[in-house]
Amino acid sequence: MRIDTYKLPARDGYPLAVTAFRPARPRYSLLMNGATGVGQRFYKSFAEHAASRGAWVFTYDYRGIAASRASDWTGAAPTMAHWGSIDQASLLDHLPGDLPLALLGHSVGGQLPGLADNVGRIRGLLGVAAQSGYWRLWPALQQPRLAFNWYAAIPLLSRACGQLPGWLIGGEALPREVALEWARWCRTPAFISTTDGKAWRPHFAQLQAPARFLAITDDQAFGPRRAVEALAGFYTAAEREVLSVDPADWALRKLGHFGFFRRDTPRALWNQQLDWLESALGLQPLGAVGRSDARDAFSQTIPMRAEG
């Protein structure tokens, strides 16, 4: 496997930091969209494992965070919409055209595909703890905390500091307009929306491929199942399913919002999802190792019909 790091000019010229994990004989391309404020380095262990199975994996940092901070940028201030409509779309432009293409999105990374005008290239989508962020989709006991964040803490801090400090979200600092747009979306029932609150779904219906969304059972703080199901509903033309993953089924004490990608996660769990992704692309899965180590974690499968 060869690992290359480089800067890719986005469609508007913004320099994006990219890492490519290339196996000797690539079977397909896999674009990995990270979570809000999470640098691409967090996904290195999973990317290397996927590459060992034949995926040509591309990770990157969205504009304005981690290695994609560009202090000399004179164009438009980064927004969350830019992450999907320009940054992600530029990566999809860049990926090899002669290989089937899959996308794995963690949290916001599973929301962004519907913002890219070339989302139709994707032949398989795996969302991990990806959700609609509308705060009333959370359990009632958590709603006061979320309302405080979206209506007060995040907007006030972002304006006062010129960015959202990383300590507040436990990750990279967010550019001011990214944080303000994120907060506005999470206050709005439609979630991804225009400034007047109308649903904004520019390219969601162009994804006409298998799409699997993992709801982690102990991820109530960031991705409760109801919110995961709501996001799945955005992809009206996809072959959708929402699946529950219980850490106990993998002899784990917890997974939470980030545990799926940690380096000590059972490879059997990763392999199970990569098997599905490879099948979605029409490839013969390489086969998971250690299947007998875990019970079926997906007993709560809910196929979803296309709407509209």
Among (1) closer than 19 Å to Gly256 by Cβ; (2) crowded, with 17+ Cβ neighbours inside 10 Å; (3) at pLDDT 95 or above, Pro139 falls short only on (2)
Scanning region 68-86 residue by residue, those within 18 Å of the chain's Cα centre (by Cα) and either modelled with pLDDT under 95 or in a helix (DSSP H, G or I) (or both) turn out to be Ser68, Met80, Ala81, His82, Trp83, Gly84, Ser85, Ile86
Matching residues in region 45-75 (without any contact (Cβ under 8 Å) to a residue 40 or more places away in the chain, small (Gly, Ala, Ser) and out of contact with any strand residue (DSSP E or B) (no Cβ under 9 Å at 6 or more places or on another chain)) number 1
Pairs returned, first residue in region 215-239 that is free of Cβ contacts under 8 Å to residues at least 60 places away in the same chain, second residue that is assigned to a helix (DSSP H, G or I), beta-carbon separation under 8 angstrom, 6 or more apart or interchain, are Thr217/Arg225; Thr217/Pro247; Asp218/Pro247
Looking across region 26-60 at residues that are part of a strand (DSSP E or B) and polar (S, T, N, Q), the single one that is nearest to the chain's Cα centre (by Cα) is Asn33
Picking from Gly162, Gly166, Gly171, the residue that is surrounded by fewer than 21 Cβ atoms within 10 Å (Cβ to Cβ) and at positive phi would be Gly162
Pairs returned, first residue in region 16-29 that is in contact (Cβ under 8 Å) with a residue 60 or more places away in the chain and crowded, with 20+ Cβ neighbours inside 10 Å, second residue that is aliphatic (A, V, I, L, M) and not in a strand (DSSP E or B), beta-carbon separation under 7 angstrom, 6 or more apart or interchain, are Leu16/Ala10; Tyr28/Leu99; Tyr28/Leu281; Tyr28/Leu283; Ser29/Leu95; Ser29/Leu99
Conditions (1) part of a helix (DSSP H, G or I); (2) closer than 25 Å to Arg240 by Cβ -> Ser132 fails only (1)
Scan region 8-23 and tell me whether some residue there is modelled with pLDDT under 95 and not basic (Lys, Arg). no
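Yes/no matrix, rows are residues, columns are (1) closer than 24 Å to Gly54 by Cβ; (2) under 11 Å from the mean Cα position of the chain (by Cα):
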| position | (1), (2) |
| --- | --- |
| Leu95 | yes, no |
| Gly109 | yes, yes |
| Leu112 | no, yes |
| Leu115 | no, no |
Screening Asp196, Asp275 for residues that are modelled with pLDDT of 95 or more, over 17 Å from the mean Cα position of the chain (by Cα) and over 23 Å from Trp83 (Cβ atoms) leaves only Asp275
Note on Ile154: of the conditions (1) surrounded by fewer than 20 Cβ atoms within 10 Å (Cβ to Cβ); (2) over 19 Å from the mean Cα position of the chain (by Cα), unmet is (1)
Per the filter on region 165-186, residues free of Cβ contacts under 8 Å to residues at least 60 places away in the same chain and more than 13 Å from Tyr62 (Cβ to Cβ) are Pro165, Trp167, Leu168, Leu180, Ala183, Arg184, Cys186
### Message
Can you find a residue that is closer than 15 Å to Gly133 by Cα and at pLDDT below 95 anywhere in region 169-188?
### Response
yes
Expected single match for in contact with a strand residue (DSSP E or B) (Cβ under 9 Å, 6 or more places away or on another chain), modelled with pLDDT of 95 or more and not in a loop (DSSP other than H, G, I, E, B) among Gly120, Gly114, Gly127 is Gly127
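The values are calculated or read from the model by the stated rules, or taken from the named source; none is laboratory data. Computed from a predicted model, the values in this text were never measured in an experiment. Don't worry about glycine lacking a Cβ; one is built from the backbone with ideal geometry, like all the others, and counts go over all protein chains shown.
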